[in-house]
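Scroll down for the structure; my scribbles are underneath it.
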Amino acid sequence: MAATDLLSRTLFAPRTSRARARCCAALVALLMPALSWSAVLPDDRIDVLYHGYDGGGAQIDGPSVLVRKQFANKVSVYANYYVDMVSSASIDVLATASEYTEERKEYSVGADYLRDKTTISASFTKSDESDYTAETMSFSISQDFFGDLSTLTLGFSKGDDEVRNNADPDFKDTIDRRQYRIELSQILTRSWIVSLAAETVVDEGFLNNPYRSVRYLDAGSGTGYSYQQEIYPGTRNSDAFALRSKYFLPWRAALSAEFRHFSDSWGIEAFNGEISYLHPFKNGVTLELRYREYQQDAADFYSDLFAFQNAQNFMARDKELSTYTSTTYGLGASYEINLDKYKLWGDRIRFSLYWDHMEFRYDDFRNVLVGGTPGSEPLYSFDADVYRAFVSLWY
């Protein structure tokens, strides 16, 4: 239930739990559309993805399969199956527990209905793991106007999560999530489109991780500190705003940019800037370069080391609620084949491979595994790599 790169989890990105949030956030940020377009249904296609994450002592990988189909040029339906296989020996785990492995499975179904210049979309997603179950229903409506140069999208999502604890069979709690979003896209010229999006999220329930602890000074212990369970508020309200722009260059390439701002009732404020360059070649090969910078301030009740036990009403030591920065360097390539040319089934097929290198630097979270005087241990940092290989078939 970590809040890894909070901006990546907001503005139309799903929420995920613990270490795998970092991988999923990167996947969502790369694979979701950058901007809304005019009212057309998505193409019939099949996508098969395999993703991998390796960094900070955590390894996450798994497949995903998505199938989408149109009917009568009015309705498009889809189904998606997604798996995360996690092996974690992160600093959070090793500080108070031992390495663990688990698997999360996610199922999604949805439909888009097109009527004139209006698109109505609905979806349902359910994910299951040994100690967490999440169900989310989403609804949105998009309307084109001003000669199809403008698109307004309104959306709402309702999530019901159940939190459990593998170490305590009697523990069970819930989370209620509500998400409200609005996005306006505008075609400014034949080559330039911009989008402005806003989102409000309201979370209520058990919002912390039942396994995570905070540390406090304890002169009587061998290390000079001890641990107690985290205590979070039962509510959290957050707001996020994003400005996106895409410009098509004369040589068929595209330059995209994005800026996001996030703030919440826990005192966290974050900024995210991203720029990418897409360059297609005549032989069907497309290359993509991407750079992303993320900065975040800590939550009001976060501390790496509290002065004493039960120091305040709410306490957190989740490094994803600390002050930190992350930098991402991305490189991708795809190769597309026209199947009609070879009289094969389907319209076209695309093979894609993407790699991101991510650097995380924490300003107030210390590496307790190194040892030393409590509160003066080295600041923690780590690098991670995310790989995605997928095949897309249009039919």
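Some notes on this structure:
- Using Cβ point charges alone (K and R +1, D and E -1), the dipole size of region 194-273 about the Cα centre works out to roughly 460 debye.
- Per-residue ellipticity at 222 nm, computed for the chain from helices alone with -39500 (n - 2.57) per DSSP H run of at least four residues, works out to -1500 deg cm²/dmol.
- Computed over region 83-225, relative contact order equals 14 percent, with contacts defined as Cα pairs under 8 Å that lie 6+ residues apart.
- In order along region 385-395, the phi-based Karplus estimate (6.51 cos²θ - 1.76 cosθ + 1.60, θ = phi - 60°) of 3J(HN,Hα) comes to 10, 10, 10, 9, 10, 8, 10, 10, 10, 8, 9 Hz; Gly and Pro are listed as x.
- Using a probe of 1.4 Å on the protein chains alone, the accessible area found for Ile46 is around 50 Å².
- Highest mean packing comes first when the peptides 329-340, 177-188 are listed by Cβ atoms within 10 Å, giving 177-188, 329-340.
- Relative to one another, the C-alpha centroids of region 110-150 and region 326-378 are positioned 26 Å apart.
- Under 5 Å, built H, 5+ apart or other chain: amide partners of Ala58: Ala89
- Coil-residue trypsin sites (Lys or Arg not before Pro) of region 338-380, DSSP, other Cβ within 10 Å capped at 14: Lys343
- Normalised by the number of residues in the chain, the average gap of Cα pairs under 8 Å and 6 or more apart makes the relative contact order 13 percent.
- Solvent-accessible area of the chain (1.4 angstrom probe, protein heavy atoms only): carbon and sulfur portion equals 58 percent.
- Ranked packing of 263-269, 50-56, 68-74, 316-322, most packed first, by mean Cβ within 10 Å: 316-322, 50-56, 263-269, 68-74
- Normalised by 2.2 N^0.38 Å, where N counts its residues, the alpha-carbon radius of gyration of the chain equals 1.04.
- Cα long-axis angle, helix 20-31 against the chain (0 to 90 degrees, to the nearest 10): 20 degrees
- Å² per residue, accessible surface of the chain at 1.4 Å: 47 Å²
- Computed 3J(HN,Hα) for region 287-298, one whole-Hz value per residue from the Karplus formula 6.51 cos²θ - 1.76 cosθ + 1.60 where θ = phi - 60°, is 10, 9, 10, 8, 9, 9, 10, 10, 9, 9, 8, 6, glycine and proline marked x.
The values are calculated or read from the model by the stated rules, or taken from the named source; none is laboratory data. Not measured: the values here are computed from a predicted model. For neighbour counting, all protein chains shown are included, and Cβ atoms are generated from backbone atoms with ideal geometry for every residue, glycine included. To get the accessible areas, we keep the full protein, side chains included, count just its heavy atoms, and leave off ligands, DNA and RNA. Shrake-Rupley method; radii C 1.70, N 1.55, O 1.52, S 1.80 Å.
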